[in-house]
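The values are calculated or read from the model by the stated rules, or taken from the named source; none is laboratory data. Bear in mind that the values here come from a model prediction, so they are computed numbers and not experimental data. Counting neighbours? That spans all protein chains shown, and the Cβs are built from the backbone with ideal geometry, glycine included. Heads up: the accessible areas ignore ligands, DNA and RNA and are worked out on the full protein's heavy atoms, side chains in. Shrake-Rupley method; radii C 1.70, N 1.55, O 1.52, S 1.80 Å.
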Amino acid sequence: ADMAAIDQLETCWEELAASGTTDVVPVTYINSSAAIKAFGGERGGIVCTSTNCAATLRWAFERGEHVLFLPDQHLGRNTAEKMGVGLDKMVVWDPKQDLGGNSERAIRDADFVLWKGHCSVHALFRPEHIDQVRATYPNMKVMVHPECKWEVVQKADLAGSTAYIVKQVE
């Protein structure tokens, strides 16, 4: 929730429009402030959880040419990539840089604008942790949340919400 401040989001929205990227649907992860959620709702956006993220993104892409996903870049990237959105159609928006650290062309060409934010707990998991588990327990399935970094999700056997993971274990 602390990865996106309302003033940063307002600046982002203005800079997206100034770059010619206007058909944008904001999608906000549930672990965001009320101000961020309200901002998105006022602009035709929606709030998602990790469980309904894919359905929410499908909904957003039906309504706009671009999706602004915040504040968890990893959940957005991993879910969109699993849905078939190529990494080359995504840019990361760093709120501390002009145009999020992107060129106007890169923003216009992107289908998906990922806010440079993350969950501090999920960021602790690294690809080498999966390598260590596989070396010690070769038959163990590794399951991770989609809020983990892309490289971690790619190495895991399964990635999904807690509800999804629990169903796999049952």
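Here is a yes/no grid of residues against (1) in contact (Cβ under 8 Å) with a residue 12 or more places away in the chain; (2) more than 19 Å from Glu147 (Cβ to Cβ); (3) of a type in the set (Phe, Trp, Tyr):
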residue: Gly40; (1), (2), (3): yes, no, no
residue: Gly44; (1), (2), (3): yes, yes, no
residue: Cys53; (1), (2), (3): yes, no, no
residue: Trp59; (1), (2), (3): yes, yes, yes
residue: Arg63; (1), (2), (3): yes, yes, no
residue: Pro71; (1), (2), (3): yes, no, no
residue: Leu75; (1), (2), (3): yes, no, no
How many residues does segment 8-23 contain that are assigned to a helix (DSSP H, G or I) and under 20 Å from the mean Cα position of the chain (by Cα)? 8
Kindly evaluate Lys116 against the criterion of being more than 30 Å from Gly20 (Cα to Cα), open to solvent by 80 Å² or more (accessible area, probe 1.4 Å) and touching a Gly at 6+ places or on another chain (Cβ under 9 Å). no
Subset tally (residues that are loosely packed, with under 13 Cβ neighbours inside 10 Å and of a type in the set (S, T, N, Q)) for segment 146-170: 2
With Arg105, Arg134 as the choices, which residue is without any contact (Cβ under 8 Å) to a residue 60 or more places away in the chain, farther than 19 Å from Ala54 by Cα and surrounded by 12 or more Cβ atoms within 10 Å (Cβ to Cβ)? Arg134
